[in-house]
Amino acid sequence: MLKRLLYIAGILGLLIGLWGLYDRLVYGHMHANYGSYVVWGLWVALYMFFAGVATGSFMLATLDLLFDLPLFRGSGRMALWGALVTLPAGLAAIGLDLGHMSRIWKVYLQPHFGSVMAQLVWGYTIFLGIIIISLWLSFQPQRSRWLKPIMAVGLILAIFLSGGIGALLGVNQNRVSWHVSNLPTQFPVFNLTSGVALMLIAIGWFGPQHDPRRTQQLRVLSLAMIVLLLVKGYYLWSDVSQALYQNSSHGAAAINLVLFGPYGWAFWLLQLGIGMLLPLIILTMPIGKQGFAAGLMGLCILIGLAVARANIIFPALSLPELQGLGEAFHGPHLSFTYSPSLMEWAVTAGIVGAATIGFLVGTDRLPLFTRPTTEATGTAD
Amino acid sequence: MSRQPTIPLIPVSRRGFLGALVAGAGALAVASVASSAITEKPTDTIDMLTPEEALAAYEAEIARLRAARISGTPIDQLERMRTDLLRALTKPVTERRWVMVIDLRACVGCHGCTIACVAENKLPPGVVYRPVIEEEIGRYPNVSRRFIPRPCMQCDNPPCTGVCPVSATFTNEHGVVEVNYEQCIGCRACIAACPYGARTFDFGYTYTANTPSAAMMLGAEQAVSYEQTSTFEYSKVHARRDLHDSPVGNVRKCHFCMHRVLNGQLPACVTTCIGRATFFGDANDPESLVSELIARPNVMRLKEELGTEPRVYYLQ
Ligand code: SF4
Ligand code: SF4
């Protein structure tokens, strides 16, 4: 029933997305609401979110396929599948955000490696290759000796790429709320949180019901999630308190926008309430270790993380670099306020829908919760 | 979809085109040449003065100014700057240092420079290179106002170039931060990196699209044609005919009107400034007006603490 509902939601999203895609491809960026001042909008937030889920999922896959933890045996493929469907979703979002999508080849053939963006494009492309190869190897009947080295490389890359997203923002010294040295160090934690959230959904909703380890897996994942949420909360507190302490700075203005701006409700309700506090409470209770509740909390946390990505990007860009710039010249897309357009939402719905369907199809058609024989002598689970 | 019909470009050189405008025949020239199609490629470049031509023009200008001085005719600062400019063009490129000086006390906030820039570079709606920021000081009714024109600062340490994933934006040999429209993928990382908000994205709008029009309206075709004809930014030919082709989908910015400067003309914003508040020239020439101005004690640069080393100076 749950799966059917998710399929329907995914297909609906996909259909809406087709209209958005048509609009984007025919009219370019005209019907988007990001502009020359708030230059990055919903799709960049979506890219950061999905890229985070992909790297986080990969980190989780290493528990099985690299570190051989008996408790997580058999969950590696599922985590890799999660990474495989979410990474292209993120790349699609950022691709559609480009002014000239057809020139993306230039980043490969004429790159400027000093640019964090170029490093990320290359890094994510290699990472996608690693996900595909490791997934393929994990489906081999005999466990390949290449799997562990590849997973190890992938793990290092996943950590660096996570930090890279923080660096993409952090290198802009003119954006005070981004240009803090610990931003790149926060992102691996955020992304690991995304990965654990996806695994809560995967195991809680789609995991093998009769696997005796399932309850234990959910318990460990819940515990890990509680720790991660507390660390996330600590980061949030340090960001907010430091910025607000000097109430005159640009950083304080950005935080004020997050907390009390037009989308303050999204912070309090979605990012903090549904995305952090509710899961913290539920996951500490016995009900939180039950499949449905654990999956639901995973979903809540993912929603909170998506809102958090938006709250990192939009407010920092909504502050004029020079006072009065917003009023100096008027024209389309010259505004320091931003709310995504219908077209942006439609494309977002399509990408989320496609990722959801991809994930569900995998759980239906692929043996994701089994694993290859352990070395040459082991037996399949 | 609001795409414009493709209209052939104007087959005249930059100088020829300006000459036609100066002769008061701009509109007619556009109309008459629009029918004769040529194929302009974005890689086509326009003429610029050779050092010999610059020297000849400089000597002629000096002779003219000398005669004016003898006859007691007042010499406008624009004339002085143009002479400075021609003198700079006789020097090797590496020995010039183009800077702009803006006198905040002289700016009257007319936005003339903004509009001159829009006209010179045929900027579409939503793209602006030189807005004039208005600052109100004090509290009503005891207020005074200050106007701050804000071109691209052509920073010597530009934070906007390093972030570009494809090296589409860089400091060129003239010290001007350039955007290569054919290379730019439109990621907008450079906009996020600029501390002065000096870059805008071309979303593909035109002033003529979706405006009410009558079938027989005089000049309607030419207006569309005007919006699609080439600009000469970075001394290259850039037509703007297609919603999906450059410069649409690119980031755009002020370039100190290098296509004019290299032809011995001052930037459009400088020539049009009614307050005579904007100055341009070679800071590597102690005789130049801009050198005199930036040596004054009341000079400042925006956000100097960031270490961007702007080439735009403000007198306050
Ligand atoms: S003002 Fe902005 S766009 Fe211009 S050079 Fe400096 S950083 Fe780059
Ligand atoms: S928008 Fe163009 S010029 Fe700016 S960073 Fe991206 S590719 Fe480079």
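The values are calculated or read from the model by the stated rules, or taken from the named source; none is laboratory data. These numbers come from a predicted model, not from an experiment. A quick note on method: Cβ atoms are made from the backbone with ideal geometry, for glycine too, and the neighbour counts reach across all protein chains shown. Side chains are part of the model used for accessible areas, which takes the heavy atoms of the whole protein and leaves out ligands, DNA and RNA. Shrake-Rupley method; radii C 1.70, N 1.55, O 1.52, S 1.80 Å.
Here is a check on your reading of the model: is B:R241 basic (K, R), touching a Gly at 6+ places or on another chain (Cβ under 9 Å) and more than 16 Å from ligand 1 (Cβ to nearest atom)? So B:R241 fails the test. Of the helices (runs of 4 or more DSSP H) lying entirely inside segment A:232-334, those containing at least 2 residues that are within 23 Å of the chain's Cα centre (by Cα) span A:250-260, A:278-284, A:291-317. Residues that are open to solvent by less than 10 Å² (accessible area, probe 1.4 Å), under 20 Å from A:V189 (Cα atoms) and not hydrophobic (A, V, I, L, M, F, W, C) within segment A:260-294 comprise A:G275, A:P279, listed in sequence order.
Just one residue in the set B:I148, B:I137, B:I185 is in contact with a helix residue (DSSP H, G or I) (Cβ under 8 Å, 6 or more places away or on another chain) and more than 9 Å from ligand 1 (Cβ to nearest atom); that residue is B:I185. The sole residue among B:P165, B:P158, B:P149 that is within 8 Å of chain A (Cβ to nearest Cβ) and either within 13 Å of ligand 2 (Cβ to nearest atom) or crowded, with 23+ Cβ neighbours inside 10 Å (or both) is B:P165. A count restricted to segment B:261-283 and to residues that are farther than 22 Å from B:F147 by Cβ and either part of a loop (DSSP other than H, G, I, E, B) or modelled with pLDDT under 95 (or both) stands at 5. Evaluating A:R73 against the criteria (1) surrounded by fewer than 21 Cβ atoms within 10 Å (Cβ to Cβ); (2) of a type outside the set (A, V, I, L, M, F, W, C); (3) within 27 Å of B:V248 (Cβ to Cβ); (4) out of contact with any Pro (no Cβ under 9 Å at 6 or more places or on another chain) leaves one unmet condition, (3). Annotation note: Cβ proximity below 7 Å between a residue of segment B:284-299 that is in a loop (DSSP other than H, G, I, E, B) and a residue that is open to solvent by 40 Å² or more (accessible area, probe 1.4 Å) (sequence gap 6+ or interchain) occurs for B:N284/B:E95; B:N284/B:R97; B:D285/B:R87; B:N298/B:Q316.
Residues that are open to solvent by less than 10 Å² (accessible area, probe 1.4 Å) and near ligand 2 (Cβ under 9 Å from one of its atoms) were ranked within segment B:170-191; the one that is nearest to the other protein chains (Cβ to nearest Cβ) is B:G186. Candidates are the residues of segment A:82-103 that are within 22 Å of the chain's Cα centre (by Cα) and open to solvent by 40 Å² or more (accessible area, probe 1.4 Å); the one that is farthest from the other protein chains (Cβ to nearest Cβ) is A:P88.
Could you figure out which of (1) open to solvent by 30 Å² or more (accessible area, probe 1.4 Å); (2) closer than 30 Å to A:L183 by Cβ; (3) of a type in the set (D, E, K, R) isn't true of A:R365? A:R365 satisfies all of (1) open to solvent by 30 Å² or more (accessible area, probe 1.4 Å); (2) closer than 30 Å to A:L183 by Cβ; (3) of a type in the set (D, E, K, R) except (2).
Of the conditions (1) open to solvent by less than 20 Å² (accessible area, probe 1.4 Å); (2) within 16 Å of ligand 2 (Cβ to nearest atom), A:V121 satisfies every one except a single condition; which number is it? Failing condition for A:V121: (1). If you go through segment B:128-146 and keep only what is among the hydrophobic types (A, V, I, L, M, F, W, C) and either part of a loop (DSSP other than H, G, I, E, B) or surrounded by 10 or more Cβ atoms within 10 Å (Cβ to Cβ) (or both), you end up with B:V128, B:V132, B:I133.
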